[in-house]
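See below for the structure under consideration.
The values are calculated or read from the model by the stated rules, or taken from the named source; none is laboratory data. Bear in mind that the values here come from a model prediction, so they are computed numbers and not experimental data. Ideal geometry is used to build each Cβ from the backbone, glycine not excepted, and the neighbour counts take in all protein chains shown.
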Amino acid sequence: MMNIPTLETERLLLRAWRESDLEALASMFADPEVTRFLGPPLARNDTWRSLAAMIGHWVLRGFGMWAVERKSDSALLGRVGVWRPEGWPGTEVVWTLGRQYWGQGYATEAARASIDFGFRTCPVPKLISLIDPENRASQNVASGSG
């Protein structure tokens, strides 16, 4: 099994996934507002498969998505990381947070740490973020102003 590194920011831990994260992750992916630009909401069993895929990506590629945990109370806020599934147009920095954590700068803080990690560890000249043109909040995160 691969040792997934932990990254620390001012307010957050980007850490390896745990089976106990499933409840919060399933709640997040069941919210149609959270998944609005990602696809339909996920059932709990589909969220479990997504969790397994995120862990597997680390094993196959050596990088991937972390669980985003708030230091102050250990709440699982969502996911962030560097992602390149088979057939993807490039190595992407991705983020998804639960709705209750939007608008507080957490996504930008976590994305910056992911970008730094990506450029240090992935042999790529650039990182991308595929964002729906209507998703202004994610555009702001990608530009660093979110």
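Is it the case, given these coordinates, that Thr47 is more than 15 Å from Thr6 (Cα to Cα), modelled with pLDDT of 95 or more and under 12 Å from the mean Cα position of the chain (by Cα)? Give the derivation first.
Details: more than 15 Å from Thr6 (Cα to Cα): yes; modelled with pLDDT of 95 or more: yes; under 12 Å from the mean Cα position of the chain (by Cα): no.
No.
So Met1 ticks every box in (1) hydrophobic (A, V, I, L, M, F, W, C); (2) touching a helix residue (DSSP H, G or I) at 6+ places or on another chain (Cβ under 8 Å); (3) at pLDDT 95 or above but one. Which box is left unticked?
Looking at each condition in turn, Met1 falls short on (3).
Looking at Gly81, Gly64, which one is under 21 Å from Ser138 (Cα atoms), at pLDDT 95 or above and touching a His at 6+ places or on another chain (Cβ under 7 Å)? It would help to see each step written out before you state the result.
Details: Gly81 fails: touching a His at 6+ places or on another chain (Cβ under 7 Å).
Among Gly81, Gly64, only Gly64 is under 21 Å from Ser138 (Cα atoms), at pLDDT 95 or above and touching a His at 6+ places or on another chain (Cβ under 7 Å).
Could you list, in sequence order, all residues of the stretch 90-146 that are among the polar types (S, T, N, Q) and either part of a helix (DSSP H, G or I) or within 17 Å of Thr6 (Cα to Cα) (or both)?
Pass one, the stretch 90-146, residues among the polar types (S, T, N, Q): 91, 96, 100, 104, 108, 114, 121, 129, 135, 138-140, 143, 145.
Scanning the stretch 90-146 gives Gln100, Thr108, Ser114, Thr121, Ser138, Gln139, Asn140, Ser143.
Would you be able to tell me the number of residues in the stretch 20-35 that are free of Cβ contacts under 8 Å to residues at least 24 places away in the same chain and out of contact with any helix residue (DSSP H, G or I) (no Cβ under 7 Å at 6 or more places or on another chain)?
Residues flagged as free of Cβ contacts under 8 Å to residues at least 24 places away in the same chain and out of contact with any helix residue (DSSP H, G or I) (no Cβ under 7 Å at 6 or more places or on another chain) within the stretch 20-35 amount to 4.
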